[in-house]
Amino acid sequence: MDAPTAPPDLDRNQPVPQGELTAAALIAVDYIAPPAPIAPFVTTLYHFRCDEPVIRDIQPAAIGQLCMFPHGTGEMHFAEGHRDPNHAVGLLTPLSRATPIEVEGPFHAIGAALSPVGWAALTGLHAGQHKDRLLPAASVLGPEIAELGERLIAAYREGSMSGRDCALAVGDFIGAKVKPIHPRHLELIAATARWLGASFNPEIGELSGVAGYSGRQVQRLVERYFGLPPRALARKYRALRAAALLSAPQLSLEDEAEIAEAFFDQPHMIREIAHFVGRTPARLGDPSTPYLAEMIDARNLRELGP
């Protein structure tokens, strides 16, 4: 197959009333594998850049991130109606749904995507109670991260440090600051990741009894570490995984059939992917949505494990 094939009954050519987004060729993202000591805490380090004067795009529902913005000033527009600016050194909390971004460029970002273990070990925050925000990192991690970020941003701007070197320095900070997590909680987090990655519609009951916890305890702990309770979390990753497959250059017949069976019908699929990804299936492969396409790539679902 030379192009993605839609699941049965999916009209990929339906009109979608959306604003104009930044062109594909103008965006570059480098992924840097985290060194082994921080691999449990960081799914990837990254260096993003776009030198356009205005950048408009969508951040799909995501895991938490520790990020620096050496170039660009903008905002994230959250569904609850509030807007958070991109602080020079920011902490993006786990996102429960797709979130529009608008930035006056050029826009460069350097940082680390935090696994659920990394989020908890670094911040100590309840992911569900602090979801859907872009905070100044120092408000959670203290003045040391602001001082480090200021030094790294200055070095990046003057050209004495590359984006890769700055990202690795952010990783070093994370490695020095993470705190231990209860072993049973680690067992629950790992089991939840496996549960999410096993199918598009995992059974909630399969988590009951994990690590010796009751169903009610599992509900509370999953929300604490992942930002959503199990049922909503499964919806989020069903939409993200389906979007990653639908936007890929090729879609196997097996994947096509599995996606079709994962949703009640076409309207249900459209609603779910639009809610968590920010575009309907008809727009996922659109070359005018490069940031979105990059963020829903399967490489950005590393928290689900191999």
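Give me the distance between the Cα centres of region 105-157 and region 212-263, rounded to whole Å.
About 26 Å separates the Cα centre of region 105-157 from the one of region 212-263.
Compare the peptides 70-81, 185-196 by average per-residue count of other Cβ atoms within 10 angstrom and give them in order, highest first.
Those peptides, ordered most packed to least, come out 185-196, 70-81.
Where a number appears in this text, it was derived from the coordinates with a stated rule and is not lab data. What you are looking at is a predicted structure, and each value in this text was computed from that prediction instead of being measured. Note that we place each Cβ from the backbone using ideal geometry, even for glycine, and neighbour counts take in every protein chain shown.
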